[in-house]
């Protein structure tokens, strides 16, 4: 066998180990979060902490946190790592994600040397803390989110520390389920160790490690070549986390992405400081996010290992909400990570215009419903994570209610049969959320609507998500999608369970309350008035949008039989184009921000025409460049007066001062 064939055989053998790990996890886990939701990852990590292999279906969110955690364990335990040892870790400040994601790490020892680590990271349904499920939209410090596990040796040379395990499980809700999941991880890790040891015997320890070095080096070479093919330059992006959980004030991410030869440098200087709310992440997440996006844009087809990430440098200032330090809560790390994804996609979409894509639904939509279990002396705990629409790209509509390239293969939501058989819960309604897409020549995907009825006498609801107020954006002139929306319906009355949308902590539920989960759609691509009429007709026929929405959003006038009136449609589209407002945009003498909010000053008569009030969210679109969002300040009347923005906004718009841009109001609930 030649060298290339031998390398491929070794690479596929390592990936096969992670695939078997994945199958073992799914078939042996106790928690529906794992065997139904697939919220876990399996991986092999080298003796130096570099990522060696993962299963294709794994959650990208876990990718870079695993080697980061492994290196922390290596740093702390050094030479005190032996065969039969097992380590636990979930600390966000040293490479973890949030406290619910627990890493179990098994060293693989062959002929006295550590040759690899087998890693399994699980989302535990509860790790203690202030609310069932541990994820609270109102947490103010890490202690309220559960048990924090810094690098810990839980098993030494095959002897389990049962006292420590009892301490852990006795401080978690549903301890039997937690222990069952721990044991599933344990069995999976032990079997993976056996497989890697078998590979060492088959190929030889030295040859196996040399092959891994070569596989990683070749992946690095591929990524460097892909980066080298891009035009050198600086690309800018900006995005807003709409609230902290403890405040309705937004946070901002700022990204300057520099491509220089075969290197890519991501500088997040200017990002908001960490917050007392749960919308923070530790140091591993910026690398995880950007590497996921870059890999998806430039090299989506080859397996993942550390080599793909070597050409990427991250500048992420400590103390910001994307690199938080103790004791900041980090339960909302998925929400922050998806905002990082949006910023990365915006910047990469400028460097690779053919890959430009509409924005995604946002965070994980963590939804916990709990209450007394009628069948045992314990609580039930239903964890929902409703998927949304994906963004549109050139030539392709987004998909409806599914996972996306930043999320892995975990499912869209629990199966109805699983929920109703295991919990005192009924699913009254589960369907596509009509009209939730981002309009465009290619429209974004639709979110879902799911009505969950509580049948227990009492209960509690916690929600942690984002993009309820600041919805997913469109690209290339397209419109935003509907934002996420979570309410409680009691006796026919809609109740907002929190003053801050998307951030709910232990809202008290009653029997027959309905929790309505409405997930966001995906952002569109291109001008909605350029969408083919036949595609609009089909969307109405399928019930995705109404005939009224076809009129006001796409300019398509339908007859009673559902077919388009061509002449009326042409007139309507001309009318809608004429209603658009384009303004001259000038740079102010100084940057205009109110804390994290970018301010946009517009003339009073323009504001009146668009129905924009003081403090409303607006966006500017110029040509095919990225849009700029900001909060309105109403200036003096005068149709000839320009809209004023800070100078840095022109880096985002890809426009020059004095140029023209369309201005429009951003609404998280597009026209019904």
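What follows draws every value from the coordinates through simple rules; no lab data is involved. Every value quoted in this text rests on a predicted model; they were computed, and no experiment measured them. Cβ sites come from the backbone with ideal geometry, for glycine too, and all protein chains shown count toward neighbours.
Distance between the C-alpha centers of region 295-312 and region 504-569? Whole Å please.
Going from one Cα centre to the other spans 37 Å.
How far is helix 333-351 tilted, in degrees, relative to the longest principal axis of the Cα atoms in the chain, given as a value from 0 to 90 rounded to the nearest 10?
60
Among 65-76, 493-504, how do they line up from the highest to the lowest mean number of other beta-carbon atoms within 10 Å?
Working: 65-76: 22.9, 493-504: 18.5.
Packing order, densest peptide first, comes out as 65-76, 493-504.
Classify region 326-447: rounded, prolate or oblate, from the alpha-carbon gyration tensor (a ≥ b ≥ c, eigenvalue square roots; a/c under 1.5 rounded; otherwise prolate if a/b is larger than b/c)? Present the calculation step by step, with values, prior to reporting the outcome.
On the way: a/c = 3.48, a/b = 1.69, b/c = 2.07.
Verdict is oblate for region 326-447.
Show me 596-602, 275-281, 189-195 ranked by packing, highest mean number of other Cβ atoms within 10 Å first.
Details: 596-602: 21.0, 275-281: 28.1, 189-195: 19.0.
Highest-to-lowest ranking by the protection proxy: 275-281, 596-602, 189-195.
Among DSSP beta bridges whose residues both lie in region 582-665, state the antiparallel percentage, nearest 5. Kindly include the intermediate steps, with their values, before the conclusion.
Details: 14 of 21 bridges.
In region 582-665, DSSP labels about 65 percent of beta bridges as antiparallel.
Rounded if a/c is under 1.5, else prolate if a/b is larger than b/c, else oblate: which is region 3-219, with a ≥ b ≥ c the root eigenvalues of its Cα gyration tensor? All intermediate terms of the calculation are to be shown ahead of the outcome.
Details: a/c = 1.88, a/b = 1.72, b/c = 1.09.
Prolate shape, in that a/c is at least 1.5 and a/b is the bigger ratio.
Cα centroids of region 251-271 and region 625-672: how far apart, whole angstrom?
Centre-to-centre distance over Cα atoms comes out at 23 Å.
Please label the shape of region 599-672 as rounded, prolate or oblate, based on the square roots a ≥ b ≥ c of the eigenvalues of the alpha-carbon gyration tensor (a/c under 1.5 means rounded; beyond that, a/b larger than b/c means prolate, else oblate).
Values: a/c = 1.76, a/b = 1.16, b/c = 1.52.
Taking the square roots of the gyration eigenvalues as a ≥ b ≥ c, region 599-672 is oblate.
When the helix-only estimate is applied to the chain (DSSP H runs of n ≥ 4, each -39,500 (n - 2.57), divided by the residue count), what is the mean residue ellipticity at 222 nm, nearest 500 deg cm²/dmol? Mind showing how you got there, number by number?
Values: 14 runs with 188 residues, N = 672.
About -9000 deg cm²/dmol.
Under a crude label model (7 Å from the Cα following the beta-carbon direction), how far is residue 157 from residue 248 in nanometres?
Calculated label separation equals 6.2 nm.
Please work out which option in (1) 25.9; (2) 24.2; (3) 29.1 gives Kirkwood radius over Cα pairs in Å calculated from these coordinates, and answer with its label.
(1)
Roughly what % antiparallel, to the nearest 5, for the DSSP beta bridges in the chain?
Details: 98 of 110 bridges.
If I count the DSSP bridges inside the chain, around 90 percent turn out antiparallel.
Could you tell me the center-to-center distance, by alpha carbons, between region 162-182 and region 317-370 in angstrom?
Value for the Cα centre distance between the two parts: 31 Å.
For helix 3-28, report the angle its Cα long axis makes with the longest principal axis of the Cα atoms of the chain; keep it between 0 and 90° and round to the nearest 10°.
90
Kindly express, to the nearest 10 degrees and within the range 0 to 90, the angle between helix 65-77's C-alpha long axis and the longest C-alpha principal axis of the chain.
40
Order the peptides 81-90, 163-172, 570-579 from the highest to the lowest mean number of other Cβ atoms within 10 Å of their residues.
Working: 81-90: 21.0, 163-172: 14.6, 570-579: 13.1.
Result, highest mean first: 81-90, 163-172, 570-579.
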